[in-house]
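Chemist: First the structure, which I've put down as structure tokens, then a few questions once you've had a look.
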Amino acid sequence: MRNTRSSRTTKPARHHLELPAPAPLKKGALRVTPLGGLGEIGRNMTVFEHEGKLLIVDCGVLFPEENQPGIDVILPDFSAIRSRLADVVGIVLTHGHEDHIGGVPYLLRERADIPIIASKLTLAFITAKLEEHRIKPKTRQVVEGDRIDAGPFDLEFLAVSHSIPDGLAVAIRTAAGLVLHTGDFKMDQFPLDRRTTDLPGFARLGDEGVDLFLVDSTNAEVPGFMIAEEDLAPAIDQVFRTAPRRIVVSSFASHVHRIQQILDAAERHGRKVAFVGRSMVRNMGIAADLGYLRIPDGVVVEMKTLEKLPATDIVLICTGSQGEPMAALSRMANKDHVIDIGPGDTVLLASSLIPGNENAIYRIINAFTRWGANVVHKGNAKVHVSGHASAGELAYCYNILRPTAVLPVHGEWRHLTANAAIAMRTGIDEKQVFVIEDGVSIDLVAGRSRVSGRVAADHILVDGTTMGVATEAALTDRRVLAEEGAITVLAIMEHSSGRLTEPLEFFSRGFVEEAGWEKTATKAIEDALRTASNASSRGRDDVETLITRTLGQWLARRHRRNPVITTIVVEE
């Protein structure tokens, strides 16, 4: 259905916490429920429901922030579909970045035979990842221009340019209407692989009538159009031409285009390259084997070969561009890696700053600068271009597609809202522009969209081998431990009288105070025990609670500290 153009507005529809669960889906309708990717950069996952079947588009992870210690990754919440996994007809993966495929192994733990539908490179990346989880997936390879059925969903795939090869947008046709999901995309007119976003295909869908448009929001605040990937070549060449010693390049392990530029520069300047980091070695090997990465003859060598070469001939390509603590780059910065970065070395951060990672990245930049290295990054050189469409590109897409309704996806609140404003400036009815949260459902009925309710879409924390066990309460304890330390109190008491038979003992870790604090703390606890009514009849748990509370209050009052306190009462 074609939308009716409205007057310019700047206020999109918003729907939040007060929504009830959605009613059963009406016959012939399509329900669209994002379970991740809204209000955040990562964890992208959207569920489409039609005629009793479910189709999933993307299933990614979100990387933890500094206030989430010990967490490896954060998953979408599968609880809304867990009882209906048998109804899932497929998982469409738009491209091979972790924020779109990283959650697939955890979903397939619950039903291993869900078909994965994706392009060649994306399937290769996810298959390699699933091997580590001992899962052999059921896959279906597609290319741009393919049109296939997945249950009641008619799927058409269109090429999109991004910072990784083989990206796809997916058009989903049902009896309820036509939906277009861009995945991550931009409109680079000179991509390195000469595979441009299929704007003629977008225009054709616009003529057919796009009833709901799910569109990447990451760069909606950035005016104009993104520069081309090939425009980075002079800046990268400048780094290679002027670096006096080794060059260390950090990039996403799946950023094939950027790695290609580094390899080409190394060939021009007579340097040898080694990959560092398991995921980098794996992904570049896959990309090269499938023909997506051209490795010049003799340029890539093993680390042990590189160690024998003069520093002026060395290039290292590693992971850790977002400051991940266990990645190779962070370990180099912390002097905890076999590669010792020092004066004369050049560190090239060929990536963007993902929101939430800024502090970690700046710490790395400062550390390398302290060790005497020259650090080149997006802030001081044109060595990175985003893979996401900016405001001008988004406006262009709205004008050629002319969608009836718009659901901005993939972005924080500021990105979603900026994207919505662009949509409305192009004339889309403000009542059909939906800035929503994860878990909020949009029902498409006869070409018209409306909010229908809300399901659970919590952050599911992966901590080591556990999934969904770590809680916010546990993270709070970890943060307190990190900031305040911990104190254990050992109290030995006479069972019959409830009196202390030995002096209290304090065992502290990470808690720093002036010597002698234990004596004053002991007096406060003894006074509390003495004045407590019926102390002799209290159970051990009551006494432990009393000691813990008293010590906590005393520390807060006297020292303005709030460590984690554990009390152990031993009765004689």
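The values are calculated or read from the model by the stated rules, or taken from the named source; none is laboratory data. Note that this is a predicted model, so its numbers are computed, not measured. As a convention, Cβ positions derive from the backbone with ideal geometry for all residues, glycine included, and neighbour counts pool all protein chains shown. For accessibility, only protein heavy atoms count, side chains too; no ligands or nucleic acids. Shrake-Rupley method; radii C 1.70, N 1.55, O 1.52, S 1.80 Å.
Chemist: Give the aspartates and glutamates reachable from Lys308 as a straight Cα distance under 17 Å; neighbours fewer than 8 places away on the same chain don't count.
Modeler: Cα-Cα hits under 17 Å: Asp340, Asp345.
Chemist: Please report, in debye to the nearest 20, how large the charge dipole of region 253-355 is about its Cα centre when each Lys and Arg carries +1 at its beta carbon and each Asp and Glu carries -1 there.
Modeler: Rounded to the nearest 20 debye, it is 80 debye.
Chemist: Of the peptides 554-567, 57-70, how do they stack up when ordered by the mean number of other Cβ atoms within 10 Å, highest first?
Modeler: Packing order, densest peptide first, comes out as 57-70, 554-567.
Chemist: Label Ala532 and Glu51 with points 7 Å out from Cα along Cα→Cβ: what is the distance between them in nm?
Modeler: Using points 7 Å along Cα→Cβ, the separation is 6.7 nm.
Chemist: Name the residue farthest towards the positive end of the dipole of the chain from the options Gly224, Thr501, Ile286, assuming +1 on Cβ of Lys and Arg, -1 on Cβ of Asp and Glu, about the Cα centre.
Modeler: Gly224
Chemist: Quick query: amide H of Glu40 versus all other amide H atoms, modeled in the peptide plane; which residues come in under 5 Å with a sequence gap of 5 or more or a different chain?
Modeler: Counting only residues 5 or more places away or on other chains, the set is Gly411, Glu412.
Chemist: Oh, and also: Quickly rank 202-213, 166-177 as a protection proxy: mean count of other C-beta atoms within 10 Å, highest first.
Modeler: 166-177, 202-213
Chemist: I would also like to ask the following. Order the peptides 298-308, 148-158, 518-528, 406-416 from the highest to the lowest mean number of other Cβ atoms within 10 Å of their residues.
Modeler: 406-416, 148-158, 518-528, 298-308
Chemist: Before I look further, what does the chain give for accessible area per residue, probe 1.4 Å, in whole square angstrom?
Modeler: Accessible surface, normalised per residue, equals 43 Å².
Chemist: Still on this structure, I have one more. Karplus couplings for region 550-566 from phi (6.51 cos²θ - 1.76 cosθ + 1.60, θ = phi - 60°), rounded to Hz, Gly and Pro as x?
Modeler: Per-residue couplings from phi come out as 5, 5, x, 5, 5, 5, 5, 6, 8, 10, 6, 10, 9, x, 6, 10, 10 Hz.
Chemist: A further question on this structure: Show the residues, 5+ positions off or on another chain, whose built amide H is closer than 5 Å to the amide H of Ser119.
Modeler: Long-range HN contacts for Ser119: Val142.
Chemist: Relative to the Cα centre, what is the charge dipole magnitude of the chain, using +1 at the beta carbon of each Lys and Arg, -1 at the beta carbon of each Asp and Glu, and rounding to the nearest 20 debye?
Modeler: The calculation lands at about 780 debye.
Chemist: Would you kindly derive the ³J(HN,Hα) couplings of region 182-189 from the backbone phi angles with the Karplus curve 6.51 cos²θ - 1.76 cosθ + 1.60 (θ = phi - 60°), listing them in order in whole Hz, with x for Gly and Pro?
Modeler: Couplings: 6, x, 8, 7, 8, 10, 4, 7 Hz.
Chemist: At q = 0.05, 0.09 Å⁻¹, work out log10 I(q)/I(0) for the chain with the Debye formula, treating every Cα as an identical point scatterer and leaving solvent out; two decimals please.
Modeler: -0.28, -0.77
Chemist: Nearest 20 debye, what's the magnitude of the dipole of region 103-234 about its Cα centre given +1 on Lys and Arg Cβ and -1 on Asp and Glu Cβ?
Modeler: Values: 14 positive and 22 negative charges, 134 e Å.
I would put it at about 640 debye.
Chemist: Quick one: length gained pulling Asp231 to Ala486 fully straight, 0.36 nm per residue minus the C-alpha distance?
Modeler: Length gained between Asp231 and Ala486: 86.5 nm.
Chemist: Right, another one. With N set to the residue count of region 226-363, report its C-alpha Rg divided by 2.2 N^0.38 Å to two decimal places. Please report the intermediate quantities before stating the final value.
Modeler: Numbers: Rg = 14.2 Å, N = 138, 2.2 N^0.38 = 14.3 Å.
That works out to 0.99 for region 226-363.
Chemist: Then there is this: How many angstrom lie between the C-alpha centres of region 87-101 and region 128-193?
Modeler: Computed from Cα coordinates, the inter-centre distance equals 8 Å.
Chemist: Can you compute the FRET efficiency between Val451 and Val338 using 1/(1 + (r/R0)^6), with r the Cβ-Cβ distance and R0 = 51 Å? Round to the nearest 0.05.
Modeler: With a Förster radius of 51 Å, E is 0.40.
Chemist: Moving on. Can you tell me the relative contact order of the chain? Whole percent, Cα pairs under 8 Å, sequence separation 6 or more.
Modeler: Across the chain, relative contact order equals 19 percent.
Chemist: Residue by residue, what Karplus-based ³J(HN,Hα) values in Hz, rounded to whole numbers, does region 224-237 have, using 6.51, -1.76 and 1.60 with θ = phi - 60° and x for Gly and Pro?
Modeler: x, 10, 5, 6, 6, 4, 5, 6, 7, 3, x, 5, 5, 5
Chemist: Can you tell me the 0 to 90 degree angle between the C-alpha axis of helix 517-531 and the longest principal axis of the chain, rounded to 10?
Modeler: Roughly 70 degrees between the two axes.
Chemist: I'd like the distance between the alpha-carbon centres of region 25-86 and region 269-342, rounded to an integer number of Å.
Modeler: Going from one Cα centre to the other spans 34 Å.
Chemist: If you rank Glu472, Glu49 by how much accessible surface each has, with a 1.4 Å probe, what is the order from largest down?
Modeler: Glu472, Glu49
Chemist: Between the alpha-carbon centers of region 373-417 and region 479-515, tell me the distance in whole angstrom.
Modeler: 54
Chemist: Once every DSSP H run of n ≥ 4 in the chain is given -39500 (n - 2.57) and the sum is divided by its residues, what mean residue ellipticity at 222 nm do you get, rounded to the nearest 500 deg cm²/dmol?
Modeler: -8500 deg cm²/dmol
Chemist: Multiplying the sequence separation of Ala556 and Glu208 by 0.36 nm and subtracting their Cα-Cα distance, what value in nm do you get?
Modeler: Difference between extended and current length: 118.6 nm.
Chemist: Hey, rough spin-label estimate for Phe506 and Thr127, points 7 angstrom out along Cα→Cβ, what's it come to in nanometres?
Modeler: Taking the two extended label points, one gets 6.2 nm.
Chemist: Determine the share of region 375-445's accessible area contributed by carbon and sulfur atoms, expressed in whole percent, with a 1.4 angstrom probe.
Modeler: 51
Chemist: Label points 7 Å out from Cα along the Cβ direction at Asp149 and Thr476: separation in nm?
Modeler: Once both label points are built, they end up 5.3 nm from each other.
Chemist: Moving on. Around Ser441, which amide H atoms from residues at least 5 apart in sequence, or from another chain, sit under 5 Å from its own amide H, with H modelled in the peptide plane?
Modeler: Under 5 Å from the amide H of Ser441: Ser452, Gly453, Arg454, Val455.
Chemist: Among Met424, Leu130, Ile442, which residue has its Cα furthest toward the positive end of the charge dipole of the chain, with +1 on Lys/Arg Cβ and -1 on Asp/Glu Cβ?
Modeler: The one lying farthest along the dipole's positive direction is Met424.
Chemist: Exceeding 26 Å between C-alpha atoms, which entries from my cross-link table qualify? They are Lys26/Lys431; Lys27/Lys138; Lys26/Lys129; Lys27/Lys431; Lys26/Lys120; Lys186/Lys378.
Modeler: Details: Lys26/Lys431 21 Å; Lys27/Lys138 30 Å; Lys26/Lys129 38 Å; Lys27/Lys431 23 Å; Lys26/Lys120 36 Å; Lys186/Lys378 19 Å.
In this structure, Lys27/Lys138; Lys26/Lys129; Lys26/Lys120 exceed 26 Å between Cα atoms.
Chemist: Could you tell me which of Ser390, Leu329, Leu75 has its Cα farthest along the dipole of the chain towards the positive end, charges placed at Cβ (Lys, Arg +1; Asp, Glu -1), taken about the Cα centre?
Modeler: Ser390
Chemist: Rounding to the nearest 10 and keeping the result within 0 to 90°, find how far the Cα-based axis of helix 120-132 lies from the longest principal axis of the chain.
Modeler: Helix 120-132 and the main axis of the chain meet at about 30 degrees.
Chemist: Run the numbers on region 37-130 and let me know its relative contact order in percent, using alpha-carbon pairs under 8 Å that are six or more apart.
Modeler: 28
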